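Student: Let me begin by handing over the structure; questions about it come next.
The values are calculated or read from the model by the stated rules, or taken from the named source; none is laboratory data. Not measured: the values here are computed from a predicted model. Here the Cβ positions follow ideal geometry from the backbone for every residue, glycine too, while neighbour counts run over all protein chains shown. Keep in mind that these areas ignore ligands, DNA and RNA; they rest on the heavy atoms of the full protein, side chains included. Shrake-Rupley method; radii C 1.70, N 1.55, O 1.52, S 1.80 Å.
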Amino acid sequence: MKRSLTTALAVALTVFSGVAAAQSIKDPTRPPAGFGTVGEPATAEAPSSGPVLQSVMLSPTRRAAIISGQLVKRGENYGDAVLAEVAEDHVVLRRGGGLQVLKMYPGAEKTYPEAEKRKPK
């Protein structure tokens, strides 16, 4: 009886210490705190004003985007604007006579190394 109690206690301590260690490991795939949450204060990753493009969905039959937590299909309204275009890295909102481009990664620009090599010096 004493041996089984000691074994059970050892197993419980091993499981508990494994759970505690797993809780202290940071998940590298987890988004930063506040990213993509609706109704939360803006974080450094998201602009503090205006709509934020969070995701795009492209298929042969459907084009849509998630803008500030709201699913909007191409041609549908987002507030007083219409989602006019959906591309892999940006969307275009048409408001009155003006256009607003929302980029998926506003601080990033595409570069094409092959084109850089061909530029005349």
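Student: For residue 72, all conditions in the list (1) modelled with pLDDT of 90 or more; (2) outside any strand (DSSP E or B); (3) surrounded by 14 or more Cβ atoms within 10 Å (Cβ to Cβ) hold save one; what is the number of the exception?
Tutor: Here residue 72 clears every test but (2).
Student: Exactly one condition in (1) open to solvent by 50 Å² or more (accessible area, probe 1.4 Å); (2) under 23 Å from the mean Cα position of the chain (by Cα) is not met by residue 104; state its number.
Tutor: Unmet condition: (1).
Student: Does region 14-31 contain at least one residue that is touching a Ser or Thr at 6+ places or on another chain (Cβ under 7 Å) and either modelled with pLDDT of 90 or more or open to solvent by 80 Å² or more (accessible area, probe 1.4 Å) (or both)?
Tutor: Among the residues of region 14-31, not one is touching a Ser or Thr at 6+ places or on another chain (Cβ under 7 Å) and either modelled with pLDDT of 90 or more or open to solvent by 80 Å² or more (accessible area, probe 1.4 Å) (or both), which makes the answer no.
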